[in-house]
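The values are calculated or read from the model by the stated rules, or taken from the named source; none is laboratory data. Because the structure is predicted, anything quoted here is derived from the model rather than measured. Cβ placement follows ideal geometry from the backbone for every residue including glycine, while neighbour counts extend to all protein chains displayed.
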Amino acid sequence: MNKNIKLAVAGAVLGLTASAANAGIVIPAGDWTLDVGGIVNTYATWTKADSANNIQGGLAAGSGKNTVNNMTTGLLPNYLSVSGTTRQNDLDVAFTISINPGSSTTSAGKQTSSQENRQAFLTFGDKSWGSVKVGKDLGIYASDAILNDMTLLGVGSGAGVLAGNQTTLGRIGTGFMYADWKAQIAYTTPNFNGFQATVGLTQAWDQQSATANGLAAGTALSMVTTRRGGASSAYEGKASYSFAANDVTGKVWVSGLSQKVEGPAGITLDDSVAYSADIGATVNVAGFGLTGYYYGGSGIGRTVQFADGYSITGKQRDSDGGYVQATYVLPTKTKIGFSWGESNLDNADAADKTASSGVLVKTNEMYSVGVYHPLTKHLNLVAEWNHVKSENQAGAENKANTGSLGAILFF
């Protein structure tokens, strides 16, 4: 099973069995050792909304006082990956390629045509000096935030919207920014008694055009994010320290992102350097797990990187957020968990609030309760309840409750 799937299982606070974390179909193939692994998951979800206020960027899904029922993948997509490792010329060389089909169907008689390919990268290095990664993989900034989120193996928010191969959001946007899957060139140091660091260049994004975002015709709220065609890359990095003493294990980490942003023609950005940084820690002892996380930045936006990070006049918006999480493993091996988190976005100034009529999201907040039971060493049953509240800059709120029940299989 490839590295990120292992992290998603072993690194997540669900603490599933070690055999599930290391599972995979290992095939010797000449100079190579191939590892075929993956995930299959589907959830029945029920989302009840209680209002339909105009909140641009709000994550309380649904419209009006209605219930939306969906069958969908959770935060993790269905996953099939092939990895290969070999030792050549005193170098450890490896690759991973994955495909990610969804579980959702959106219309009768017609299957969804969309297909994700989240990973396609190679690595080379040696334990004496570290390793280099080249290709598409999980981003560096905020990656530990999502890998320690208990809803990683469940649903979280976003189940009320069904769109092709789309996964749900978990706690993305209600406690941390999405690390995303990015083209990158990154270097990771050796592990120095628990300390390890990664630095890299990743795909940059820009604010290239305006969008009305549900406001009156001819007005606009923010600039949308598009891939940069030139100029500099984004700079990302993280450092972590993992520790173990008797029955206590844990990890502390920090990470950051900085990028020079370009706006559309005719708009000068007041500060073209967008940035964000975070800090987090997780500790496990005697079946209990506790995680805390915080991030803050300017121009980084909300939910996905740089979305609504600048006003239509090029003013930079500040954002911050975080989450806390507690879990406990029962004698039956069932894990129960509770978490709370929120993500906040500020207007750039009073003129920005006036221009947007106050409908820009101010806060997305979520409470989560989850039960995760390992039916076998590979198969897990999952039940969750999530309450999401979104508030705009004018104080209007939307709320939604989502219940979900399903299963996730690792191989």
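Within segment 48-118, considering only strands (runs of 3 or more DSSP E) that don't extend past its boundaries, which have at least 2 residues that are modelled with pLDDT under 90 and surrounded by 17 or more Cβ atoms within 10 Å (Cβ to Cβ)?
Values: elements: 67-72, 79-88, 91-99.
Per the criteria, 67-72.
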Pairs only if they're at least six apart or on different chains, beta carbon under 8 angstrom, first in segment 124-146 and farther than 19 Å from Q203 by Cβ, second in a strand (DSSP E or B) and of a type in the set (V, I, T); list them, first residue then second. F124/V93; F124/V132; G125/V132; G125/T188; G130/T188; S131/T123; S131/T188
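If you scan segment 328-338, which residues turn out to be among the aliphatic types (A, V, I, L, M) and free of Cβ contacts under 8 Å to residues at least 60 places away in the same chain? I'd like the intermediate steps shown before the answer.
If we filter segment 328-338 for residues that are among the aliphatic types (A, V, I, L, M), which is where we start, we get 329-330, 336.
Hits for segment 328-338 are L330, I336.
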For segment 310-320, does any single residue satisfy the condition of being among the aromatic types (F, W, Y), over 16 Å from A179 (Cβ atoms) and surrounded by 17 or more Cβ atoms within 10 Å (Cβ to Cβ)? yes
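Is it the case that N344 is closer than 25 Å to G309 by Cβ, modelled with pLDDT under 95, touching a Ser or Thr at 6+ places or on another chain (Cβ under 8 Å) and assigned to a strand (DSSP E or B)? Talk me through it step by step, then tell me what you get.
Working: closer than 25 Å to G309 by Cβ: yes; modelled with pLDDT under 95: no; touching a Ser or Thr at 6+ places or on another chain (Cβ under 8 Å): yes; assigned to a strand (DSSP E or B): yes.
No: the conditions fail for N344.
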Can you tell me which of (1) surrounded by fewer than 21 Cβ atoms within 10 Å (Cβ to Cβ); (2) touching a Gly at 6+ places or on another chain (Cβ under 6 Å); (3) not polar (S, T, N, Q) is the one G337 doesn't meet? (1)
Within segment 169-181, the count of residues that are surrounded by fewer than 24 Cβ atoms within 10 Å (Cβ to Cβ) and assigned to a strand (DSSP E or B) comes to 1
Quick check on segment 245-269: of everything there that is of a type in the set (G, A, S) and surrounded by 11 or more Cβ atoms within 10 Å (Cβ to Cβ), which residue is farthest from A234 (Cα to Cα)? G250
Report yes if some residue within segment 362-384 is among the basic types (K, R) and out of contact with any Asp or Glu (no Cβ under 7 Å at 6 or more places or on another chain); otherwise report no. yes
